[in-house]
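Report on the following structure.
The values are calculated or read from the model by the stated rules, or taken from the named source; none is laboratory data. As the structure is a computational prediction, the values presented were derived from the model and not from experiment. Here the Cβ is made from the backbone with ideal geometry for all residues, glycine too, and neighbour counts use every protein chain on show. These area figures cover heavy atoms from the full protein model, side chains too; ligands, DNA and RNA do not enter into them. Shrake-Rupley method; radii C 1.70, N 1.55, O 1.52, S 1.80 Å.
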Amino acid sequence: MIGLIAGPQGCGKGTQAKFIERDYGFKPISMGDLLREERDKDTDLAKQLKEIMARGDLVPNEITFQLIKNSLDVYDKVLLDGFPRNMEQAEWVFNNIKPNFMIVIDISEDETVKRLEKRRICTATKKIFIADKIADKDIEDCKAAGGEIIQRDDDKPEAIKHRLNIYRDQTEPVEKFFVKNGVPTFKIDGAQSIEDVYESLKEKISSIL
Ligand code: AMP
């Protein structure tokens, strides 16, 4: 069974995907994480990815198809996070994977900018922090894991604006495509608290499982 989870950057998809994994056993596969893993290797592909991703552009579709194929073989219940993100990917997913449902967590552009500007990440554990709420212990734990807490290049103001434009122009049509093609699609208000977003989500997921 395959679910999709989508929404603008900073909407909290990663957090909600972890709750869904805990309660329903769907393995979250984040395209952003898969790509960051590839980007941090010492390969020609990594060099190409570094530039594209720092700008906040989408990487070529073929690369994403290959990465997804490798991961899908491993699990039978999967939640794809951040894929598909344009119409060509959506058609590929529809023809090759036949998703069972789609969740869209919606937040406004202003809220996205506010959240991303404050987002920080531990380079080792990939744990996400809010800039003005990082405790000394968080810094120590990240250091102990061999990393440091940084702001991602693509969470800087220029890249954020660019990524939002891409979301509006290329990713939003994906939702309409799946609705039109009969994939059960649930839109959740992401401006609520994390707990309330998950309550709304559970209701929707339970209705189709
Ligand atoms: P994310 O962590 O989901 O915001 O993704 C980080 C970056 O990875 C994006 O800004 C893109 O450069 C790239 N990326 C993630 N998902 C996709 C996708 N489905 N197609 C192409 N590029 C992607």
For Leu79, distant residues with modelled amide H under 5 Å away: Gly3, Lys27, Ile29
Rounded to whole Å, sorted largest first: equivalent-ellipsoid semi-axes of segment 110-209, Cα gyration tensor: 31, 19, 13
All Cα pairs of segment 67-156, percent lying beyond 21 Å: 53
Integer Hz, Karplus 6.51/-1.76/1.60 couplings in order for segment 34-39, x for Gly and Pro: 4, 6, 5, 4, 5, 4
Protection-proxy order for peptides 125-131, 99-105, each taking the mean of Cβ atoms within 10 Å per residue, highest first: 99-105, 125-131
Assigned charges on the beta-carbon of Lys, Arg, Asp, Glu; segment 2-208 dipole about Cα centre (debye): 160
Volume per residue that the Cα convex hull of segment 2-208 spans, once the total is divided by residue count, Å³: 126
Low-density loop positions, trypsin sites (Lys or Arg not before Pro), segment 1-53 - DSSP coil, at most 15 other Cβ in 10 Å: Lys41
Under-5 Å amide H pairs with Cys11, H placed in peptide plane, nonlocal only: none
Under Karplus coefficients 6.51, -1.76 and 1.60, residue-wise ³J(HN,Hα) of segment 181-195 in Hz, glycine/proline x: 8, x, 7, x, 10, 10, 9, 10, 6, x, 7, 6, 5, 3, 5
Cysteines in the chain lacking a second Cys C-beta under 4.7 Å: Cys11
Helix-derived mean residue ellipticity, 222 nm - over the chain, DSSP H n ≥ 4, -39500 (n - 2.57), to 500: -15500 deg cm²/dmol
Glu148 - accessible surface, heavy atoms, 1.4 Å probe, Å² rounded to 10: 110
Under Karplus coefficients 6.51, -1.76 and 1.60, residue-wise ³J(HN,Hα) of segment 2-15 in Hz, glycine/proline x: 10, x, 10, 10, 9, x, x, 3, x, 6, x, 4, x, 5
Accessible area of Ile208 in the full protein assembly, 1.4 Å probe (Å², nearest 10): 60
Amide H contacts of Ile105 (H built 1.01 Å from N, under 5 Å, at least 5 apart or other chain): Ala6, Gly7, Ile188
Residue pairs, from the table Lys143/Lys187; Lys69/Lys204; Lys18/Lys114; Lys114/Lys137, whose Cα atoms sit over 32 Å apart: Lys143/Lys187
